[in-house]
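Written out below as structure tokens is the structure these notes cover.
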Amino acid sequence: MVKKAQYFEPVDLKTDFPKEENKLLKYWYGQGIVKKYLQKNRNSRKRFSFLDGPITANNPMAVHHAWGRTYKDIWQRYKNMQGFRQRFQNGFDCQGLWVEVEVEKELGLKSKKDIENIVEGNKKKSIEKFIDKCKQRAFTYADIQTKQSERLGYFMDWENSYYTLSDGNNYMIWHFLKTCHKNGWIYKGKDVVPWCPRCETAISQHEMLTETYKEVTHKSVYFKLKIELSNNENLLIWTTTPWTIPVNTAVAVDKDMEYALVVCEGNKYWLAKDAVARVFGDNCRILKTEKGEKLVGMKYKGPYDHLPYLKAIRPKHKDGFHTVIATDPLIMPITAEEGTGLVHTSTSTGQEDYRLGKKIGLPVFPAINDNAKYLEGFGELKGKNAKKSPELVLNYLKKEGWAVKIENYKHRYPSCWRCKSELVWNMTDEWYIAMDKPSSSKLKVNNISKIQSSKLTLRERMMNVAGKIHWIPEFGLKRELDWLSNMQDWLISKKNRYWGLALPIWECEKCGYFEVIGSKDELKKKAATGWKNFKGKSPHKPQIDEIKLKCEKCGELAERIEPVGNPWLDAGIVAYSTISERNTAANPKNEGKIPYITNKAEWRRWFPADFITESFPGQFKNWFYSLIAMSTVLENTNPTKKVLGHETVVGEDGRAMHKSWGNAIEFNEGAEAIGVDVMRWMFARQNITEKMLFGYKFADEVRRRFYLKLWNIYNFFVTYANTDGWNSAKTTIHRPPTTKHILDRWILSRLNELIVNTTKSLDEYNAYRASEAIEGFVDDFSNWYVRRCRGRVGVSIENTKNKEDFYSTTYYVLVTLSKILAPFTPFIAEIIYNNLTKGESVHLENWPKKQGYLDGQLIKNMKSIRQVVEKVHSERKDKGIPVRQPLNTFKTSHKKTTRSLEALVKDEVNVKNVDWGKIKGTELKVELDTKITPQLKEEAETRKLIREIQKERKKMGIELDEVVVVTNSWLPDSRELKEWLKKTTLACELQKGKFKVTKTL
Ligand SMILES: [Zn+2]
Ligand SMILES: [Zn+2]
């Protein structure tokens, strides 16, 4: 038999999808498809401005990044297909402690001292080398992440990503800080802040995410303080941080709370009356009770009164020091539910303590140095690590009789989000941006008149700006506003660190005057010394610190302050620093001008961004926050029109992914095992407000439910089209075919409906609903259209209009579907499109529009009769009558339907007649006539035989168009059934004998 030339590349049902994906990547990048994609709308007047939240270039990309990147890709692809001009710029976050910690590990360094001694004895050279290592690390991982993103099928202008380490990005932050300073918002302040003793730096409120709190057990201690001039009375105090007892400043009470003096084993203690039973049980007797205010003013002696520093302080602070004070409940509320209702107040080691002390004038004296060791003046404690050795204090209290009770105490305690060390609270000078100070500037700010601008604080302005953004999901706005209304001043400095923004603040040591520099040019103009050496270098440590300015107030040389900047400054500025047409701004390889400074009109074409998307947890306090803050200061407007937030990824078992728990999947591993198309579909199908359970089981389910179903339809089409010698030469992919067949009309209507629905959902940034609609469509396409059309194709069916209609319809639907799928699953979409159309790439196509008819009534009717079908199938199942057994009739409550729909029902459920509307009632019911006549039985037997022959043909590898001879012991008597049997199995002859199928020669 002569083989017909096959028009379509045959489909392999056992395709290795990850392998195909890798082949396509070579095609896309090798044949310039990505370049053409990026350039597709370069002359369009419509713009879509996506702003990328930079990924931290410090480690390989993880699966959870792939979720966000899938969204980023989906909408940029969608808008590209719709003809919007875009920038396609990806960003890398490069500076900060996270990089330092990894470089320290790489180099085996343990502390700040080690870093400053990489080049022995040369601090400057050491820092230079360390910074260089940090830079290199960022570049290395940026390259790795680029490769991984490409693997994900993410099309971006990878050669022109922005880097937050670029000069442009850093100088743009300078401009921002200068603007803050003009408003009078930059200040240096003392505060007690969370502090990492290992990294020797403050952890800002923004970085204190809930994830950094761990359940830990510490020793808590009840101890006494002896009241002076009393009859052996003591204050009973409780603390979970014994290391702070040597720096006790005062004891706070609530002046309205009831306190009791109790006697227990011969000792007298004051504590809250409501705490007595909890602390002592029945083991004590109440002598008297008093309101807290009666206790205020009592002086007491403490266990560490002998320390040298105390001896020096005591004479200077007669009032307040080692005295009972009344709390301010707004600063430090006191309850009797935990502890004793008498609160150990230590102004240099607790934030609330510090603020309360500041309000009522308590002395403050530092206790520990930057790595949490006790300072000079702490006697035997000096040089000991306060956090690591609480027993130093506990043993002493026990030995000297100050401890009343020591217990294990389980609580949630914060640790450093980078190095995991437990934090302490430390008093330090830091730099802040004030949130609640009206502007002192006379400058006119956008949208706000002079008068208003002087009245509104930064916090108020930011809240207004946050309200202009469309948050998806809606609760995003509430969360952002919650954060904005509760947050303190923005701590922007990070002490004792190296790899970060050089804060452009030069401070005069002599007179305290400081100046904020807003640009490189300004620095050049004002530099008194050091410019020559600095020229041509990036504004980083250590070279930036060579430059000294002349103090405007006193003429002394002013130096740059030591700290680097908070890393969220780096990411928050990108709406201003990175926007440029050819993506040259903030790109260190090819650094160009920043339009915000040099060409505002160009910048405005892309600002505000139309869309940003990131994982929610944390970003309200971080990127969303800094983005809004910086845009509010610079332009008093929203940096983006829309923000889409999504949850995060956890392991399949619902727990966070951890290597040691065996539930972690690395991106590369997942990509090659699952295939990134399926992975992307998993992300698209995920509800954004729920944590995603990511794992291989879930991937298999998604593959089965959707991906393979689609692949099977595609296979069916290609296989039969090739067999029937059909090709697409006479069809067009741009218009639906004209066909009268009810199934064709139905699937074409459904396709139009799908186009309308996915367009709407994508316009609303709802990938979940769009992908749900696609999945529903593919299910209908497979389980109804193709299923009911099987009888329209194959060589046994004559080449009629009916067959032609099937092919042109399925072809049109598949090609259109490939376009709809392109943003979601770019690989399978490309395979289908390439093979069916022989075109260059689906990714250079336009987004489909509704064309031809959308028969809503037909869709409704089809749905309705499919319900009848389902009922009949389930009745058959209940009664044990297989579908291959034809029945004469069934009755139903369903009202009469059209003849063509009735034919579909009869075919599907294998029944000769339907009695419509013969059962009363509104509920859908069916009733089968189960009588099996000899004719019906013979037909069933014939069907069974057909099935066996088809199975045998497949087993023997007989081509769909090959004619065979069939032998069987039973053959139907009916002439009609015989003909039918021969036609459907392509048998030229039927013989009696033992069952076999033989090829003809
Ligand atoms: Zn740390
Ligand atoms: Zn000065």
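Each value in this text was obtained by applying a stated rule to the coordinates, not by laboratory testing. Source: prediction; values computed, not measured. Note: ideal-geometry Cβ built from the backbone for every residue, glycine included; neighbour counts use all protein chains shown.
Just a few scattered comments:
- Taking a sphere under 14 Å around the Cβ of TYR785 and counting the other residues whose Cβ falls inside, with K and R at +1 and D and E at -1, yields a net charge of +2.
- As computed over region 580-624, the Cα convex hull volume per residue (Å³): 110 Å³
- Percent RCO, i.e. relative contact order, over the chain, from Cα pairs under 8 Å lying at least 6 residues apart: 13 percent
- Debye intensity ratio I(q)/I(0), log10, region 501-545, q values 0.21, 0.25, 0.29 Å⁻¹ (C-alpha model): -0.74, -1.02, -1.28
- Taking a point 7 Å out from the Cα of LYS468 in the direction of its Cβ, the residues of region 611-648 whose backbone N falls within less than 15 Å of it are 611, 627-643.
- Prolate/oblate/rounded call for region 496-570, Cα gyration tensor, a/c under 1.5 rounded: oblate
- Computed over region 629-745, relative contact order equals 23 percent, with contacts defined as Cα pairs under 8 Å that lie 6+ residues apart.
- Each residue, ILE932 and CYS511, gets one label point 7 Å from its Cα in the Cβ direction; the gap between the two is 10.8 nm.
- With a threshold of 32 Å on the Cα-Cα distance, the over-threshold entries among LYS860/LYS920; LYS125/LYS311; LYS105/LYS593 are LYS125/LYS311; LYS105/LYS593.
- DSSP bridge pairs, the chain: antiparallel proportion in percent, nearest 5: 70 percent
- Debye intensity ratio in log₁₀ form over the Cα atoms of region 801-916, taken at each q of 0.11, 0.18, 0.19, 0.21 Å⁻¹: -0.58, -0.93, -0.96, -1.05
- Subtracting the Cα-Cα distance of SER874 and HIS411 from their residue separation scaled by 0.36 nm leaves 161.0 nm.
- Chain lengthening between THR689 and ASN486 when straightened (0.36 nm per residue, less Cα-Cα): 70.7 nm
- Packing around the peptides 119-125, 163-169, 773-779, taken as the average count of other Cβ atoms within 10 Å per residue, puts them in this order, highest first: 163-169, 773-779, 119-125.
- For region 622-707, the spread of Cα coordinates along the three principal axes comes to 49, 32, 22 Å, biggest extent given first.
- Eligible aspartates and glutamates near LYS982 by straight Cα distance, threshold 19 Å, same-chain separation 8 or greater: ASP724, GLU798, GLU938, GLU939, GLU941, GLU948, GLU952, GLU959, ASP961, GLU962, ASP973
- For region 6-111: relative contact order, % (alpha-carbon pairs under 8 angstrom, 6 or more apart): 34 percent
- Largest-first principal axis extents of the Cα set of region 9-78 (Å): 41, 36, 20
- Above-threshold pairs, the threshold being 18 Å between Cα atoms, out of LYS226/LYS399; LYS113/LYS387; LYS46/LYS589; LYS112/LYS190; LYS273/LYS399; LYS129/LYS541: LYS113/LYS387; LYS46/LYS589; LYS112/LYS190; LYS273/LYS399
- Eligible lysines near LYS40 by straight Cα distance, threshold 17 Å, same-chain separation 8 or greater: LYS79, LYS819
- Surface/4 of the Cα convex hull for region 323-422, nm²: 8.3 nm²
- Cα Rg over Rh - the chain, Kirkwood: 1.11
- Over region 106-150: Kirkwood hydrodynamic radius from C-alpha pairwise inverse distances, Å: 11.7 Å
- Reachable lysines from LYS388, criterion Cα separation under 18 angstrom, eight or more residues apart if same chain: LYS110, LYS214, LYS219, LYS373, LYS410, LYS420
- The simple spin-label model puts a point 7 Å past each Cα toward its Cβ; for GLU400 and GLN31 those points are separated by 8.2 nm.
- Euclidean distance between Cα centres, region 846-862 to region 224-277, Å: 78 Å
- Potential extension, GLU376-ASN117 segment - 0.36 nm per residue separation minus Cα distance: 90.7 nm
- Ranked by the mean number of other Cβ atoms within 10 Å per residue, highest first, peptides 491-498, 853-860 order as 491-498, 853-860.
- Zone residues, region 28-45, relative to GLU581, backbone N less than 14 Å from point 7 Å out along Cα-to-Cβ: 42-45
- Cα convex hull of region 48-129, projected area averaged across orientations, nm²: 7.1 nm²
- Rounded Å value of the spacing that divides the Cα centres of region 80-133 and region 614-638: 23 Å
- Value of [θ]222 nm, deg cm²/dmol, for the chain, DSSP H segments ≥ 4, -39500 (n - 2.57) each, nearest 500: -11500 deg cm²/dmol
- At R0 = 35 Å, FRET efficiency that the Cβ-Cβ distance of VAL263 and ASP328 yields, to 0.05: 0.65
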